[in-house]
Each structure stands twice: as C-alpha cells, then as structure tokens.
1. Check the stretch 106-117 and report whether any residue there is closer than 27 Å to Lys332 by Cα and in contact (Cβ under 8 Å) with a residue 24 or more places away in the chain.
2. Please determine, by comparing only the residues of the stretch 71-105 that are part of a loop (DSSP other than H, G, I, E, B) and in contact (Cβ under 8 Å) with a residue 60 or more places away in the chain, which one is farthest from the chain's Cα centre (by Cα).
3. Of a type in the set (Val, Ile, Thr), within 30 Å of Phe20 (Cβ to Cβ) and surrounded by fewer than 23 Cβ atoms within 10 Å (Cβ to Cβ): does that describe Ile81?
4. For His344, indicate whether it is under 20 Å from the mean Cα position of the chain (by Cα), at pLDDT below 90, more than 24 Å from Val143 (Cα to Cα) and surrounded by fewer than 21 Cβ atoms within 10 Å (Cβ to Cβ).
5. What tally of residues in the stretch 169-211 results from selecting those that are touching a Ser or Thr at 6+ places or on another chain (Cβ under 6 Å) and assigned to a loop (DSSP other than H, G, I, E, B)?
6. State yes or no: is Asp140 touching a strand residue (DSSP E or B) at 6+ places or on another chain (Cβ under 8 Å), more than 26 Å from Leu262 (Cβ to Cβ) and at pLDDT 95 or above?
7. So which of Tyr158, Tyr166 ends up being more than 28 Å from Leu266 (Cβ to Cβ) and either modelled with pLDDT of 85 or more or buried (at least 20 other Cβ atoms within 10 Å of the Cβ) (or both)?
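The values are calculated or read from the model by the stated rules, or taken from the named source; none is laboratory data. Remember, it's a predicted structure, so these values are computed and weren't measured experimentally. Neighbour counts are summed over all protein chains in view; Cβ atoms, including those assigned to glycine, are modelled from backbone coordinates with ideal geometry.
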Amino acid sequence: MRVFLFLFVLFLHISLQSPFMHKDSTYRINVYTFNKTLEFTDRIKRIDALEYLPFEGTVSLKRAQHIFCLLEDYGTDPNNIPDNPYYVYFGRWIADGQRELIRSHSVKNRHFIGNTSMDAGLSFIMANHAKVKENDVVFDPFVGTGSLLVACSHFGAYVCGIDIDYNTIHGRGRSSRKNQKWRGPDENIRANLRQYGTEKMYLDVMVSDASKSVWRNAALFDAIITDPPYGIRESTRRTGSHKDIPRPPDAIYLESHVPVSLAYHLNDIFTDLLNFSAHHLVMGGRLVYWLPVYRPEYSEEMVPLHPCLQLVSNCEQTLSSHTARRLITMEKIKEPQEFDSLAHLADSRFRPYQGHNAFREKYFSGLNKRCGKEDNKSDVNGE
C-alpha cells in the first residue's frame, strides 16, 4: 500500500512538471540557501546532483523559459549553523517577491543613519506585520533615524514620529559613518524619504518624550511601529523634574534645579507603549514592536498584555547565545475604558526588567560569563 501511494505521488509530481521539462523548452536551476552562504563551486555541485530529474530541454542561463529553484534551509540560529541543511526544497519559480527592496533600501547606502538604524529587511517585515497600506497614517514613538518610516512610506503610508534625542531629530552632532566626524547639513529623516522618492508621504517628526503624550485624544493612527531603546547602544531616558526623584532628608537641592533626563525603565516603556496604542490606534489597527529578552529566563508570560490589544504573533530573532528580541504584533480589539488604564497594567505579568538598565546588565553579564570561560580554557591550555 505504501509503495503504491509513493508511486502515485511520484507519477502525479512528474505529470505536473512534464509541461515544463519537454525537449522543446529551455530551463535553468538556481540554488538558494537560508542562514548559510555557499561558494559558487558548491552551488554547481548541487545542480549536478539533480541530473536524475527528467529534464529533456536545453539549459539557458539568460533567457530560460522555465526556472527551477533549489532551496536549502539551515535553520534560524546564526550562531549554530549545521553542516547539512535541515530541509531541502525544490520547485518551479512562479514570481519574485520584493527581496530587491533589501538591496535598494540598504542602510549602507542610506543618506542619514545612526548607531541603531533598523535593517531594511526587518523594517519591511515590520511594515508587513502591521498590514501597512496606501493612505494609512503610521506613527513611530521612538523614531530615531526613521528607518521604519522609510519602509512604511514605500507602501504608500503617511508617516510621522517622535524622539527624545534633539540631535537625531534635527540631524546634528557626530556622524555614525566611518571616516566622517560630523553629520552634514542635509542629513535628516526627510532627506531619507527624498532619497527613495517618498517625501510626499512625510508628515513630520518632532522632539518629544514618549512617556508624556502630546497628542489629543482624537489623534488616531492606522499602525504604530517602533523599536524602543534597550539601554545597550542607546540609553533609555525620559524627561522629568526634581519632584519625580525621592529627596533624602539630608540632601540639599536648589529649588530651580531640573534634571535633563531621568531613567526610563523598560517595564515603563512597554506599559506606556501599550497604553498609548490602546488609546490612539484605530479599531483593528496594529502595534508592532521589538521586545528584548534574556533567553535563559524567557517565557511567553513575559510578553506584556493589554485588555484592548490582542496578541497576533510573537517571533524570535536570536541576537546571541543568551539574548534575543521578540517581534510582537498586537491588534486593537476594543476601545479602552476607565479600568483599562495604567493601574490595570501595574499588575501585568511583564516584570522582568524592574531596574534601570536591567536588560543591559543581563546582556553584559552573559558576555562576561562567556569571555570568562574562554579565558579559563586558554589558561588551562597554557599550563
């Protein structure tokens, strides 16, 4: 029975492919890999290994009528790439996606960049998760150099954002480019959209504190897409005054003293982000953001929730052996009521980063442990 089923499937497969393999056709085979790069000679070996397939046509590398693709999947962990692929797929090319956007919008060639400019591929993935479409209004509360605005504007959305960093918003200060000390006079977010022909979709950006919303209640967005700071390469901070800081009884303060910025804990960042989204997303609008996690301690219960937002997806991007970040997508399902406020979220399950720079401390503690093991190993070998 199993042999009969196998032969039937094989016959069905060949019958479906036969119109593209007859002797009057031309074809070529492309080899693709996921999470691994193959040398040209290795790709040729993969193609030669397919000689058992019933191709009767002529090979044509430039003008093939039919293109067949061999895809090898080496998993998703860049720190642990296997010698052999987990899965191998073979099929006929039907149409291209939009992977050319990764090259055309590469950060390497972008006019204005920063230390944490989002990779083009990830920016477009986030826009897809948010279902960004033409004439949407998209907001980024931690806009940085506007990588997410660039991706969303490509799909025809009007874009805007805020950031607490004055120099980044105004394109001033030290440059993040090699061999360039200061940013040029036209290095700003607007120039980035102009570079890709989408300046008309640029509403504006402004210097503002994400912890203190400046928007009216009537302000609504079709999508909120952002990458909050984790405290690694960019500090987590907010504005405040001396009233926000507990005053020791023996401390001497000037009444006019106002700190430039205060610590902005990751717990508070995500609580504020979810509350803001619940109030300022249209019904059915989506929030897409990155959540940094310490992998040894991660569990799904750590993902912050909100009664007005439904969790749609939770995807992992591995950063190192001990850290990762989760791409969280949520959709607004109801309007907030009085009890759907900060008080409600104070009892949220998400409490892993209570202190300032808590994730930073976990991040570097993992690095120190790994470096310590390597040092001990070298000492033993040295003896």
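1. If we filter the stretch 106-117 for residues that are closer than 27 Å to Lys332 by Cα, which is where we start, we get none.
No, the stretch 106-117 has no match at all.
2. Trp93
3. Values: of a type in the set (Val, Ile, Thr): yes; within 30 Å of Phe20 (Cβ to Cβ): no; surrounded by fewer than 23 Cβ atoms within 10 Å (Cβ to Cβ): yes.
Considered against the rule, which asks whether it is of a type in the set (Val, Ile, Thr), within 30 Å of Phe20 (Cβ to Cβ) and surrounded by fewer than 23 Cβ atoms within 10 Å (Cβ to Cβ), Ile81 comes out as no.
4. Values: under 20 Å from the mean Cα position of the chain (by Cα): no; at pLDDT below 90: yes; more than 24 Å from Val143 (Cα to Cα): yes; surrounded by fewer than 21 Cβ atoms within 10 Å (Cβ to Cβ): yes.
Against the criterion (under 20 Å from the mean Cα position of the chain (by Cα), at pLDDT below 90, more than 24 Å from Val143 (Cα to Cα) and surrounded by fewer than 21 Cβ atoms within 10 Å (Cβ to Cβ)), His344 does not qualify.
5. Count: 3.
6. no
7. Of Tyr158, Tyr166, the one residue that is more than 28 Å from Leu266 (Cβ to Cβ) and either modelled with pLDDT of 85 or more or buried (at least 20 other Cβ atoms within 10 Å of the Cβ) (or both) is Tyr158.
Each row is one residue, and each column tells you yes or no for (1) in contact with a strand residue (DSSP E or B) (Cβ under 7 Å, 6 or more places away or on another chain); (2) assigned to a strand (DSSP E or B); (3) on the phi < 0 side of the Ramachandran plot.
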{"site": "His279", "(1), (2), (3)": "no, no, yes"}
{"site": "Gly284", "(1), (2), (3)": "yes, yes, no"}
{"site": "Leu287", "(1), (2), (3)": "yes, yes, yes"}
{"site": "Trp290", "(1), (2), (3)": "yes, yes, yes"}
{"site": "Val293", "(1), (2), (3)": "yes, yes, yes"}
{"site": "Leu311", "(1), (2), (3)": "yes, yes, yes"}
